Amino acid sequence: MNELHFGDNLDVLRNMPAEVVDLIYLDPPFNSNANYNVLYGTKRGGPSQAQSHAFEDTWTWGRDAQRALNETAARHLEAGALLDAFKKVFGDSKMMAYIAMMAVRLVEMRRVLKSSGSLFLHCDPTASHYLKLLLDTIFGVQCFRNEIVWKRTSAHSDAAQGLSRFGRTHDTILYYGKSERGTWKVLFAPLSDDYITSHYSSKEADTGRQFTTSDLTAAKPGGDTSYDWKGVRPPQGRYWAYSRENMERFEADGRLVYSKRGMPRLKNYLDQRPGVALGDVWTDIFPVNSQAKERIGYPTQKPLALLERIIEAATEPGQVVLDPFCGCGTAVEAAERLKRAWIGVDVTYLAIHVIESRLAEAFGNGVKDTYKVLGQPRDANDASVLAARDWLEFQKWAVFALGGLPKEKPGADGGIDGIIRYHRVGIEQPNRAVVSVKGGLNVGVDAVHKLKSVIKRENAEFGVLICLNPPTGPMTREAFSEGDVGPPSKRVPKIQIITVDMLFQRGALEVPGVVDPPDVGRSTMPARQPRRSKKHVEGQGELLFPIKGGGLKETKTSKRSIRTVDIEVVRPTKNSR
């Protein structure tokens, strides 16, 4: 069974047994201090400008970075010593935070790799040299295989910004094995047109097959290699490369051509050559541009061909591929296509939603029965823990659970946390509802008043207010006073108040006269209604993510300390995440 994990990959890695993964591909944030957004589209309404904050590639030194440094030192003596040396140079810088956060994860990645396994770390020149030092320390210098250069673009726009440098057009992929011997398959790249023209210029008159010729002599003897062949012998000090029997077979097959002096040469046909053995500079795989069919709009999306090449080279069918920073799921889709088992991990619920939609698009809805999603809320208590731990991720999850799209931009939302689009009978243009997500214990009637004004301002048909706790009496009465909307065949409340507990029940959202459901891919609601959640107890523990299925050994919950959280939630300020 394949697995998709929502959560911190460090938690997931530490709950995995040792030596269960054959290949790890990771494409972590590059410490570029950039913010990225995701673009969505709709079937009927054309391209949608709705954007949802995907992730912030920003690393700062703080308590978490210091903890990562300490835990690395406790688990790997040499890596800890290297981090201490880095700390003397970089101090409490963003680069130091990035290195520390990567180090503690790389230690765990090596642990979960099989002895025949391998790791491919995708990075750019920002920190590739520091990451290579980390990998040399954690995996061993002797286990370094390649530094692969992938030419990701031909554009040189960054060279024209008044900077004294050449255009940056490549990424680096650092390839390590866990041991000096591992799973490997030689791959071949197609021959270039120039090479074919210069080396395969000869053609057979009767078949039209292109060929080149090669020498039939060798520097050292071996077997029956000293004989006359049609009155000629190799030059002094050389021997025939093949036995007389093989030479006779070549002659019978028409594969020998002769020089004016009668010296034979062997025909090698173009159509029998697999290509040229692949090197460590890859210029034949193009990036996912704005016109590419596989483009889904996710930032830093890598092409399928790149991941398929890596997976084909380093694994066999049925082996396990892990991507601990799986983003939009390119490695997951490539593994599925190549019949490998896979495990994907991402810290944003948005990424999990995108991957599920991507898999359904590529393989049909039946694919949902071939994998498990672990870590997403399964009841109201789980959802409350997520809200306390990461309010923005809870917001996204709640909006997706209703079939909507999260707010367009991080920060001030103008009272809108999400949009639900749908089609009414007889109306060509899509209708929409606005969603407001409120947390904390003091949500009152003012939240309903604000939603009423937002509905009017946005010209929406109705509004949804999501709360962690049941609404107060004044909230219910104020919402009821707004009446119903929709056609006579199906009218619904103009303001609907939905609690977190209701998100796990079918029919929580009422939509008037719908033709099509909201166009956001697979619903996040469970196939069957789960049990009602128990009453919340203060100090509810954080979710853990044990690995089950997928051919992997089941493991007991980790004994790591569990942070306790208070369930009362207030919306953070813009810069508090």
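The values are calculated or read from the model by the stated rules, or taken from the named source; none is laboratory data. The structure presented is a predicted model; accordingly, all values stated were derived computationally and were not measured. Glycine also receives a Cβ, built like all others from the backbone with ideal geometry; neighbour counts cover every protein chain displayed. For accessibility, only protein heavy atoms count, side chains too; no ligands or nucleic acids. Shrake-Rupley method; radii C 1.70, N 1.55, O 1.52, S 1.80 Å.
The largest accessible area among Ser128, Ser201 belongs to the first residue in Ser201, Ser128, and the rest follow in falling order (1.4 Å probe, all chains). Under 5 Å from the amide H of Ile498 lie the amide H atoms of Leu465, Ile466, Cys467, each residue being 5 or more positions distant or on a separate chain, with H modelled from the backbone and absent for Pro and chain starts.
Once you've got the Cα coordinates, tell me which of Lys302/Lys339; Lys185/Lys220; Lys372/Lys438; Lys452/Lys490 are over 23 Å apart. All intermediate terms of the calculation are to be shown ahead of the outcome.
Numbers: Lys302/Lys339 20 Å; Lys185/Lys220 30 Å; Lys372/Lys438 29 Å; Lys452/Lys490 21 Å.
Over 23 Å apart, Cα to Cα: Lys185/Lys220; Lys372/Lys438.
In order along segment 12-23, the Karplus-derived 3J(HN,Hα) couplings, from 6.51 cos²θ - 1.76 cosθ + 1.60 at θ = phi - 60°, round to 5, 4, 5, 8, 8, x, 6, 6, 10, 10, 8, 8 Hz, and Gly and Pro are given as x. Separation of segment 94-147 and segment 166-198, taken as the distance between their Cα centroids, equals 19 angstrom.
Could you report segment 357-439's accessible area per residue, 1.4 Å probe, as an integer in Å²?
36 Å²
Can you tell me the dipole magnitude for segment 297-424 around its Cα centre, using point charges on the Cβ only (Lys, Arg +1; Asp, Glu -1), in Debye to the nearest 20? Each step should come with its number before you reach the end.
On the way: 15 positive and 17 negative charges, 48 e Å.
Roughly 220 debye, rounded to the nearest 20.
Over segment 127-245, average the accessible area per residue using a 1.4 Å probe and give it in Å², no decimals.
61 Å²
Residue-wise HN-Hα couplings along segment 333-338, as the Karplus relation 6.51 cos²θ - 1.76 cosθ + 1.60 with θ = phi - 60° gives them from phi, are 5, 4, 5, 4, 5, 8 Hz; Gly and Pro carry x. Close amide H contacts of Asp417 (hydrogens built in the peptide plane, cut-off under 5 Å, sequence separation of 5 or more or a different chain): Val435, Ser436, Val437. Report note on the peptides 236-249, 300-313: ranked by the mean count of other C-beta atoms within 10 Å, highest first, their order is 300-313, 236-249. When the surface is traced with a 1.4 Å probe over the full set of protein chains, Glu336 keeps roughly 40 Å² accessible. A straight line joining the Cα centroids of segment 369-384 and segment 228-281 runs 64 Å. Exceedance of the 20 Å cut-off in Cα-Cα distance is limited, within the set Lys407/Lys456; Lys293/Lys396; Lys230/Lys260; Lys114/Lys151, to Lys293/Lys396; Lys114/Lys151. In straight-distance terms, cross-link reach from Lys267 covers every one of the aspartates and glutamates whose alpha-carbon lies under 13 Å from its own, apart from those fewer than eight places away in the same chain; here that gives Glu204, Asp215, Glu251, Asp253. Here Val514 sits with roughly 60 square angstrom of accessible surface, probe radius 1.4 Å.
How many percent of the accessible area of segment 319-378 is carbon or sulfur, using a 1.4 Å probe? Present the calculation step by step, with values, prior to reporting the outcome.
Values: 860 of 1840 Å².
Ligands and nucleic acids excluded, carbon and sulfur reach 47 percent.
How do Arg67, Arg506 stack up against each other in accessible area, from largest to smallest, with a 1.4 angstrom probe?
On the way: Arg67 100, Arg506 165 Å².
Ranked from most to least accessible, the order is Arg506, Arg67.
By a 1.4 Å probe calculation restricted to protein chains, Asp280 has an accessible surface near 70 Å², given to the nearest 10.
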